[in-house]
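K.L.:
My questions will all concern the structure given below.
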Amino acid sequence: MILSSALSFFMAAALLALLPGPDNLYVMAQSMRQGWRIGFMLILGLCSGLIVHTGIVAVGASELIYRYHLVYQAINVFGACYLVYLAYLLFNAGVVTQTPAGGDMLRPRQAYWRGVLMNLSNPKVILFFLSFTQPFIQVENGQLGRQYAQLAILMILATLLVFGTISVFADRLGPWLKQSARAQIIFNRISASVLFVLAGYLLINLLIT
């Protein structure tokens, strides 16, 4: 890739990572509750899942998503149910003091694998990456697998940068949030409500397609 195309794609990927969604919302919520280290483990898990998705695109296996629609639907239903599960955990999360205890508290390994599962349970990541990268793919140059791999690396770097910044920012707000039990409950329930809405939208979209 030429430098200008790489920079353009990186900036576009970073801007997209800033848009509110279940991934960055959950990273923010857990970073506020448990600090940036847990947030970073979630991010590493999400990026690991992204490696799998982009790898599927790079080897051309994304065609399976179109051919086997029932598999695609089943993964979407699982993804929606998992969002509901995460929303339930956040909605019922207890108040965190300076010494975290109870609620939806994660160990580093649990945070990593939760991030992986969150990403892999969303097959639309494959379709999104495939469509988002098309303007930057130069078919005439050949080596499409290599081009997709380069774009995948740039997208992962953009995700690490943006989500990492969100995690650190949320961690800084954590001590203030822990001083107010009411603020914690409101934040957790707003976050849970957004996840519920996203899960509902995913299921409704499946019914009408």
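Bear in mind these aren't lab numbers, they're just calculated from the coordinates by the rules spelled out. Keep in mind that what you see is a predicted model, and the values were worked out from it rather than measured. Ideal geometry is used to build each Cβ from the backbone, glycine not excepted, and the neighbour counts take in all protein chains shown.
K.L.:
Compute the distance from the alpha-carbon center of segment 1-56 to that of segment 168-203, in whole Å.
P.N.:
The two parts, judged by their Cα centres, are 18 Å apart.
K.L.:
Using per-residue counts of other Cβ atoms within 10 Å, averaged over each peptide, order 5-12, 21-28 from highest down.
P.N.:
On the way: 5-12: 15.5, 21-28: 21.4.
Descending packing order for the listed peptides: 21-28, 5-12.
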